[in-house]
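Working notes, beginning with the structure itself.
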Number of protein chains: 2
Amino acid sequence: MRIAIAGLGNVGAATLRLLRAHADLLKVRGQEITVVAVSARTKEKDRPCDLTGLAWEDDPLALAARNDIDVVVELIGGAEGVAHDLVRASLTNGKHVVTANKALIAAHGVDLAKNAEEAGLNLSFEAAVCGGIPVLKTLREGMAANRLSSVRGILNGTCNYILTRMGDEGMDFATALAEAQQQGYAEADPTADIDGGDTANKLAILSALSFGLAPDLESIFVEGIRPITPSDLSDAAARGGRIKLLGIATHGEQGLVQRVQPVFVPLSEPLARVGGAFNGIEIEGDFVGTVFLQGQGAGGNATASSVVADLLAIAHNHHSFAFGVAAKSLA
Amino acid sequence: MRIAIAGLGNVGAATLRLLRAHADLLKVRGQEITVVAVSARTKEKDRPCDLTGLAWEDDPLALAARNDIDVVVELIGGAEGVAHDLVRASLTNGKHVVTANKALIAAHGVDLAKNAEEAGLNLSFEAAVCGGIPVLKTLREGMAANRLSSVRGILNGTCNYILTRMGDEGMDFATALAEAQQQGYAEADPTADIDGGDTANKLAILSALSFGLAPDLESIFVEGIRPITPSDLSDAAARGGRIKLLGIATHGEQGLVQRVQPVFVPLSEPLARVGGAFNGIEIEGDFVGTVFLQGQGAGGNATASSVVADLLAIAHNHHSFAFGVAAKSLA
């Protein structure tokens, strides 16, 4: 399997490291995976990965046009622009796509999945939701025999880190945010995280796959964590719980209800115990009951784990149907 | 997909109910699944499932010989005897096999997997470990890009129920066991559960798949929960933790080390919070870090969820390689 990687930030660099470190393992577990070409905004830059022997393309779209590539790994990010163009062009040119881009999938997942299905290609995006936790695989395959009724989770590690620090140390929001930025848990512009947009993107994908619908960002009620104060957190502790930013989607008689909101979670629930930059998700199925998953929801290495899992699935010709279920039931 | 079910206890009956209740859903998510024939020890018996229209075979082996069956679902149980014969015969006769039989897979998994692989058939056993929790899928697929170093878990719901009741209510072991039997959580003969044998079977399968080895039951140090007293549990609580029966497998410089043992688990760890008849598993990978899963580890409905997930995977021609990795790396 010959792949190209577009975007060499944390996740891209970690993916290169993983593919090199585990070359033998991956060959045994699926297929030899060879990185042929890469692309990123700046060529000359100190990166924690080795680019020796890899073709370089200044224009990521050139990756989609190469005829020595089977899979394009899109790690650029953003719902529109070059990431979108690259994924579309890759599918048009007969290449499987693996992406970690939640904004893109939440906004254009159905159309892209239709393109992929028509062409018999994979559009895989495990890494887009909850980093290293194989939650999409769990939903779509592990729990596929169930009618799912709800998905609830801590889907953004940055917010959870901030809320954890505020609760444990009595820090105010601004101080905890500054610390998170210093530790590399929050971006210089933290808006997408702290105002709930990132959680909403992930929730839209989760509910679409859970309930067989198209992702519906518009209908999500979104409230972020800016207004939370240390005293909110100490009050919560006194009441035997924690405040967590949750993405919650339910599907029942009232149809789909989705919201992103700081919520009081009693300590008796596993979600209350998910601390720091970790993510946790609770999925409810009619036969299996509640399944709870916890792990690293972000970070280069953890996210690379999901990117490469998707590559192995393609190597096994394990055709992941993306929004195929949605497409069929929406038909 | 035409299937036969051998064994109509809790799991068999629930599988029939699930297939009927979700017939439409399963058709959309994979393929129409038709139960053609069943077999169980006693034909005339009140069962919580409808056998109308299904062919009955007194001899389960007759299911393997039928030419109107694509998949045989083995829910009889036991490492030897008819379950083993049925699985072998089914593979020989070109039928995929789905089984919930941990004892069989722990004892004969490698040989059976080789038979399956040579014949290009699936031998699927998600339901054999932790009931409804898709832990084998998580290990083999979701975390496939990682070198795994350890697996630790509460793998037996009966023991966890007993220890939870002893801890919460100050009950002694015998009383808690009697209650578990009354509630249907423990068998009339509880030996396999409380002496750790069931946990050992599951651990052997987990470590084989995690580390690319053959299941090795013999080398597992096994200690059950009979000697645990209420004061052990209250001491643990005073020290800020709980006593849990864990299956623990690590793979490092000392090779494979496996043990089943009552262990003190501090409340800061998610495993300490897994109460009642639930199961929990913590898996450590080098890139992804720790992934934690929790859910119903037993019970008809939850286990049927995994049985049918395996059927859907076969419908998707998602060839699950069982101990293929083991076979290759052991070669």
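The values are calculated or read from the model by the stated rules, or taken from the named source; none is laboratory data. Everything numeric here is computed off the predicted structure, so don't read it as measured data. Reconstructed Cβ throughout: ideal geometry from the backbone, glycine too, with neighbour counts over all protein chains shown. Just the protein is used for accessible areas: all its heavy atoms, side chains included, with ligands, DNA and RNA removed. Shrake-Rupley method; radii C 1.70, N 1.55, O 1.52, S 1.80 Å.
Quick look at the values:
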| read-out | value |
| --- | --- |
| Residue tally, condition without any contact (Cβ under 8 Å) to a residue 12 or more places away in the chain and of a type in the set (S, T, N, Q), over the range A:179-222 | 3 |
| Residue under evaluation residue B:59, criteria (1) modelled with pLDDT of 95 or more; (2) open to solvent by less than 60 Å² (accessible area, probe 1.4 Å); (3) farther than 30 Å from residue A:316 by Cα, criterion not met | (2) |
| Cβ-Cβ under 6 Å pairs, at least 6 apart or on other chains, the range B:278-293 side at the interface with chain A (Cβ under 9 Å from one of its Cβ atoms) and in contact (Cβ under 8 Å) with a residue 12 or more places away in the chain, far side of a type in the set (Ser, Thr, Tyr) and open to solvent by less than 10 Å² (accessible area, probe 1.4 Å) | B:287/A:305; B:288/A:305 |
| Pick from the range A:80-136, criterion within 22 Å of residue B:142 (Cβ to Cβ), of a type in the set (A, V, I, L, M) and open to solvent by 10 Å² or more (accessible area, probe 1.4 Å), ranking: nearest to the other protein chains (Cβ to nearest Cβ) | A:100 |
| Residue under evaluation residue B:27, criteria (1) of a type outside the set (A, V, I, L, M, F, W, C); (2) in contact with an Asp or Glu (Cβ under 8 Å, 6 or more places away or on another chain); (3) within 14 Å of chain A (Cβ to nearest Cβ), criterion not met | (2) |
| Residue B:246 more than 8 Å from every other protein chain (Cβ to nearest Cβ), open to solvent by less than 10 Å² (accessible area, probe 1.4 Å), at negative phi and hydrophobic (A, V, I, L, M, F, W, C) | yes |
| Considering residues of the range B:146-156 that are over 21 Å from residue B:242 (Cβ atoms) and among the polar types (S, T, N, Q) only, the residue most open to solvent (accessible area, probe 1.4 Å) | B:149 |
| Out of A:175, A:199, sole residue that is crowded, with 23+ Cβ neighbours inside 10 Å, hydroxyl-bearing (Ser, Thr, Tyr) and assigned to a helix (DSSP H, G or I) | A:199 |
| Some residue of the range B:81-91 being polar (S, T, N, Q) and touching a helix residue (DSSP H, G or I) at 6+ places or on another chain (Cβ under 9 Å) | yes |
| The one condition in (1) within 14 Å of chain B (Cβ to nearest Cβ); (2) within 23 Å of residue A:103 (Cβ to Cβ); (3) at pLDDT 95 or above that residue A:156 fails to fulfil | (1) |
| From the options A:18, A:26, A:51, A:75, residue that is within 30 Å of residue A:214 (Cα to Cα) and not assigned by TED's automatic domain parsing to the domain that holds residue A:199 | A:75 |
| Verdict on residue A:213 being within 22 Å of the chain's Cα centre (by Cα) and at pLDDT below 95 | yes |
| Hey, residue B:259 more than 9 Å from chain A (Cβ to nearest Cβ), without any contact (Cβ under 8 Å) to a residue 60 or more places away in the chain and charged (D, E, K, R) or not | yes |
| Subset of the range B:297-306 [among the hydrophobic types (A, V, I, L, M, F, W, C) and facing chain A (nearest Cβ under 8 Å)] | B:302, B:304 |
| Looking only at the range A:220-243, and only at residues there that are open to solvent by 60 Å² or more (accessible area, probe 1.4 Å) and among the small types (Gly, Ala, Ser), the one that is nearest to residue A:274 (Cα to Cα) | A:237 |
| Single unsatisfied condition, residue B:183 versus (1) more than 30 Å from residue B:253 (Cα to Cα); (2) at pLDDT 95 or above; (3) not hydroxyl-bearing (Ser, Thr, Tyr) | (2) |
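Yes/no per residue for (1) over 24 Å from residue A:316 (Cβ atoms); (2) in the same structural domain as residue B:224 (by TED's automatic domain parsing); (3) open to solvent by 30 Å² or more (accessible area, probe 1.4 Å); (4) of a type outside the set (A, V, I, L, M, F, W, C):
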residue: B:139; (1), (2), (3), (4): no, yes, no, no
residue: B:144; (1), (2), (3), (4): no, yes, no, no
residue: B:167; (1), (2), (3), (4): yes, yes, yes, yes
residue: B:171; (1), (2), (3), (4): yes, yes, yes, no
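Let's see how each residue does on (1) of a type in the set (A, V, I, L, M, F, W, C); (2) crowded, with 19+ Cβ neighbours inside 10 Å; (3) farther than 24 Å from residue A:69 by Cβ:
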{"position": "A:255", "(1), (2), (3)": "no, no, yes"}
{"position": "A:291", "(1), (2), (3)": "yes, yes, yes"}
{"position": "A:300", "(1), (2), (3)": "no, yes, no"}
{"position": "A:310", "(1), (2), (3)": "no, yes, no"}
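Residues are listed down the side, and each one gets a yes or a no for (1) among the β-branched types (Val, Ile, Thr); (2) open to solvent by 40 Å² or more (accessible area, probe 1.4 Å):
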{"position": "A:9", "(1), (2)": "no, yes"}
{"position": "A:12", "(1), (2)": "no, no"}
{"position": "A:18", "(1), (2)": "no, no"}
{"position": "A:29", "(1), (2)": "no, no"}
{"position": "A:38", "(1), (2)": "yes, no"}
{"position": "A:63", "(1), (2)": "no, no"}
{"position": "A:66", "(1), (2)": "no, yes"}
{"position": "A:70", "(1), (2)": "no, yes"}
{"position": "A:74", "(1), (2)": "no, no"}
